[in-house]
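Presented below is the structure to which this report refers.
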Amino acid sequence: MQSMQEIQEYLRAHKLPEFRAKQILQAVYKEGKGSYDEIAVLPKNLREQFARDLPILCFEKTNEVRSKSGDTVKTLFKLHDGLLVEGVLMRFKNGRNSVCISSQVGCGLKCTFCATGTMGFTRNLTVEEIADQVLYFDQMLKSEQGARVTHVIFMGMGEPFLNYDNVIGAIRTLNDPDCLNLAARHITVSTSGIVPSINKLADFPLQVNLAVSIHAPNQELRESMMPIAKAYKLDQLIAALKAYGDKTKRRISYEYVMLYDKNDSPELARQLAELIRGQRAHVNLIPYNETYLGFKNAGKSRIDHFREILESYKIPTTVRVSLGQDISAACGQLAVEERKPPRPPSVVPIVQ
Ligand code: SAH
Ligand code: SF4
């Protein structure tokens, strides 16, 4: 949905009263109307005109899959230029409805373990394309169960901090009381460590959460897993995060994907603890969602041991609950089907 300002400009250009903008946003964001036909306050001729010129969603849904339990929904959106991106809704038992959204078509950063990275980068998403993914799931929740999206995570396709301005614009839309009115504290941006954007976020007034994909506690290992680490070195990244923490007093979430025999040893847990101790931070260990890229999940006992070591250094640590693996909807598994290399004949079951 276009912004209030854009809609008002359109109305002015078409010599229509500006109050229609508020009526449209109210119907779409507050009442969950998915089509102009349902907006009774609008005269019929305007409904047709708006449906053509001011579509409620700027993309089309082309495919949707639901996990067996129904708690996870993965949707493929077709953008105006035919490109495809995915978004995921995760309904947790405690009432939390999280939406994992994409910020780019593909991703150019080529982390060795990530399926999205194999797609390469095509283009940035616009503010509207980002925010509409949340609007789409909000409308779905409203109509299916009278519920709302409660949390948004930028952990779908793309590197949000290489599309900084549009991601910030979308966060403002999500937070806007006239739009989705989502608390900034319920929005999390995950970055692979783009230092200039972290510095910019330190001055952003909304209290969004920052998650940093650290994945390795030393430069050599990190570089071998994440090529972007060559451009933004680990010591430079940690310095920027310390400055960010001091300035905002917000807690940073370090994401650490647990890859069997790659980054899951007790020695690396100790190195990680030394690296971040003293910061306002917590570590989120992510069980690896296996793809066709050859890495294996570390498994429950190694993950638990890694966590115990971090906790012995008094670093708060959680292990992520992943949903939706049965429909390849979990973090790092989003890669639009047509571009995916064929899967090997046997797939190792996920150990959690
Ligand atoms: N580009 C951003 C955000 C999207 S990726 C980033 O890298 O942070 C979101 C998270 O999923 C990152 O922490 C990423 O490292 C992780 N991830 C990638 N592939 C994964 C996989 N197969 N299993 C589990 N997590 C994965
Ligand atoms: Fe891009 Fe994030 Fe995947 Fe790395 S982990 S390739 S930065 S989407």
Pairwise over distinct Cα atoms, reciprocal of the mean inverse distance: report the Kirkwood radius of the chain in Å, one decimal place.
21.3
Which pairs break 25 Å Cα to Cα here: 200/249; 78/110; 110/142; 242/300; 78/230; 78/200?
110/142; 242/300; 78/230; 78/200
Förster-model FRET efficiency, 30 Å R0, residue 326 and residue 62, C-beta, rounded to 0.05
0.90
Quick calc, residue 242 & residue 301: beta-carbon distance into FRET formula, R0 35 Å, rounding 0.05, result 0.60
Can you tell me the relative contact order of segment 58-338? Whole percent, Cα pairs under 8 Å, sequence separation 6 or more.
17
Of all trypsin sites (Lys or Arg not before Pro) in segment 92-124, the ones in DSSP coil with at most 11 other Cβ atoms within 10 Å are 93
Regression test value, accessible area per residue of the chain, probe 1.4 Å, units Å², expected 44
Please give me the summed charge of the neighbours of residue 37: other residues whose Cβ is under 11 Å from its Cβ, Lys and Arg +1, Asp and Glu -1.
+1
Given H placed 1.01 Å from N in the peptide plane, which residues other than close sequence neighbours of residue 63 have an amide H under 5 Å from its amide H?
76
DSSP loop GluC sites (Glu not before Pro) in segment 1-110 with at most 14 other Cβ atoms within 10 Å of their Cβ, which ones?
18, 31
Just read off the accessible area of residue 307 with the full protein assembly in place, 1.4 Å probe, to the nearest 10 Å².
70
Run the numbers for residue 207 and residue 31: contour at 0.36 nm per residue of separation, minus the present Cα-Cα distance, in nm.
60.7 nm
Where the centre of each part is set by its Cα atoms, how far does segment 258-292 sit from segment 137-210, in angstrom?
25
DSSP beta bridges in the chain, what fraction antiparallel, as a percent rounded to 5?
50
Counting only helical runs of four or more DSSP H residues, what would the 222 nm mean residue ellipticity of the chain come to if each run contributes -39,500 (n - 2.57) and the total is spread over all its residues?
-9500 deg cm²/dmol
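The values are calculated or read from the model by the stated rules, or taken from the named source; none is laboratory data. As the structure is a computational prediction, the values presented were derived from the model and not from experiment. As a convention, Cβ positions derive from the backbone with ideal geometry for all residues, glycine included, and neighbour counts pool all protein chains shown. Surface areas here come from the heavy atoms of the whole protein model, side chains and all, with no ligands, DNA or RNA. Shrake-Rupley method; radii C 1.70, N 1.55, O 1.52, S 1.80 Å.
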